[in-house]
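The values are calculated or read from the model by the stated rules, or taken from the named source; none is laboratory data. Fair warning: this is a prediction, and the values are worked out from it, not measured in the lab. Please note: Cβ atoms are built from the backbone with ideal geometry, for glycine as well, and neighbour counts cover all protein chains shown.
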Amino acid sequence: MSTGYVYHELYGWHDTGTHAGLLPADPRRGLQPHRHFENAEAKRRVHELVVVSGLLDRLTRLAPRPATDEEILAVHTPGHLARLVAANDTGGDAGDGGSPFGPGGLDIARLAAGGVVRAVEAVVDGAVDNAYALVRPPGHHALADVGMGFCLLANIAIAAQAVRRSRGVARIAVVDIDVHHGNGTQAAFADDPDVLTISVHQDRVFPPDSGHVTERGTGAGHGYALNLPLPPGTGNGGYLEAFRRVVLPALRRFQPELILVAAGFDANAVDPLARMMVTASGYREIGRMLVDAAAELCGGRIAFAHEGGYDPVYVPFCAHAVIEVLAGVEEPLEDPFAANFDNQGQQEAQPHQSAAIAAAEELVGDIG
Ligand SMILES: O=C(CCC1CCCC1)NO
Ligand SMILES: [Zn+2]
């Protein structure tokens, strides 16, 4: 089993400044300066755990390259790229006022998107069996004409379009496990029946009023966007039931040639930006189900692109668990917090969670 791994120190240099977490600091509103929630720490610590645990020795390092204008413009408008280019010397914001970047921020965003392209190309070419792109800034909220939710460029959508064009990959499934709705990826392929987008997320956290089960794609793409909003407090049991009843059956019906995963870990039990209860063992099982689905459906071709996840202590264990699955590690790193999180009652699927899952389950049959 060869697992490609993309990481670059520049990802840690993406400067999201000293917002008061989410909002620009402003003493007139009582907003004290504090590092932005989307700072380098959680992601840099994922990499450091991969190194210190020895897992890196079992991975095939892939060097990222900048996404080209052509690759970016396959997803984004010239106006959005021009916005980022114009602010690249001074720093600025990707468009929603909450997605800041410093000088050279576009260069780093290009390297993040290009890092995902590199990982996906290596999987499609068979240079590696699967891959993990530990990139920053994230991408799954970025729309064609505006960045949002800390995302400047739509990393996964750019990578999907790149391999469709360069390698003729036709049917791609994108599974978004970030706790926030993968609105950007969904929008990029809303009318395209050859890209199935599935998003499992906490109901209506972000973007506002987005990710409803009724959002199903448009025109020829109707039925090829699947949304699974889950109630706050959903833990491993609810997530694994969602995968068994909805995600895996949908992938089987769609028969993808490639599976891409928007790998956010902000559904973890102690994340500051959501209210779910997933633990490292839950992520390990999710990773296992997705890797097994790729083996069953598309020759094992699967690539993960890092998205959100903000707790600097626990996210490393959650992401490490998934990368271990990709690399076929038999003796996983123990989660030192398991005793705190794994045995809480919330880890069993609750009736209201199963009801939310059932609403999405009904729609799987429309996938042709
Ligand atoms: O992790 C994220 C960013 C979510 C935040 C963006 C503004 C409020 C919540 N998206 O996947
Ligand atoms: Zn998120």
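Overview of values
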{"quantity": "Residue count for region 23-43, restricted to those that are surrounded by 14 or more Cβ atoms within 10 Å (Cβ to Cβ), out of contact with any Pro (no Cβ under 8 Å at 6 or more places or on another chain) and aliphatic (A, V, I, L, M)", "calculated": "1"}
{"quantity": "The one condition in (1) farther than 22 Å from Val52 by Cα; (2) modelled with pLDDT under 95 that Glu330 fails to fulfil", "calculated": "(1)"}
{"quantity": "Residue within region 219-239 that is among the hydrophobic types (A, V, I, L, M, F, W, C), touching a Leu at 6+ places or on another chain (Cβ under 7 Å) and surrounded by 23 or more Cβ atoms within 10 Å (Cβ to Cβ) present", "calculated": "yes"}
{"quantity": "Condition met for Pro272 (outside any helix (DSSP H, G or I), within 16 Å of ligand 2 (Cβ to nearest atom) and surrounded by fewer than 22 Cβ atoms within 10 Å (Cβ to Cβ))", "calculated": "yes"}
{"quantity": "Region 129-145, residues that are away from ligand 1 (no atom under 16 Å from the Cβ) and buried (at least 24 other Cβ atoms within 10 Å of the Cβ)", "calculated": "Asn130, Ala131, Tyr132"}
{"quantity": "Single residue of Leu273, Leu297, Leu290, Leu226 found to be under 23 Å from Ala355 (Cβ atoms) and among the hydrophobic types (A, V, I, L, M, F, W, C)", "calculated": "Leu226"}
{"quantity": "Within region 299-316, considering residues that are within 12 Å of Leu273 (Cβ to Cβ) and within 11 Å of the chain's Cα centre (by Cα), the one farthest from ligand 1 (Cβ to nearest atom)", "calculated": "Gly309"}
{"quantity": "Residue in region 159-182 that is within 12 Å of ligand 1 (Cβ to nearest atom), closer than 18 Å to His306 by Cβ, assigned to a helix (DSSP H, G or I) and of a type in the set (Val, Ile, Thr) present", "calculated": "no"}
{"quantity": "Cβ-Cβ under 7 Å pairs, at least 6 apart or on other chains, region 205-220 side without any contact (Cβ under 8 Å) to a residue 12 or more places away in the chain, far side within 16 Å of ligand 2 (Cβ to nearest atom) and in a loop (DSSP other than H, G, I, E, B)", "calculated": "none"}
{"quantity": "Selected residue [farther than 20 Å from Val364 by Cα, without any contact (Cβ under 8 Å) to a residue 12 or more places away in the chain and not acidic (Asp, Glu)] from Gly168, Gly147", "calculated": "Gly168"}
{"quantity": "Close pairs from region 295-316: first at positive phi, partner within 14 Å of ligand 2 (Cβ to nearest atom), Cβ under 6 Å, at least 6 apart", "calculated": "Gly309/Ala42; Gly309/Gly264; Gly309/Phe265; Gly309/Asp266; Gly309/Val315"}
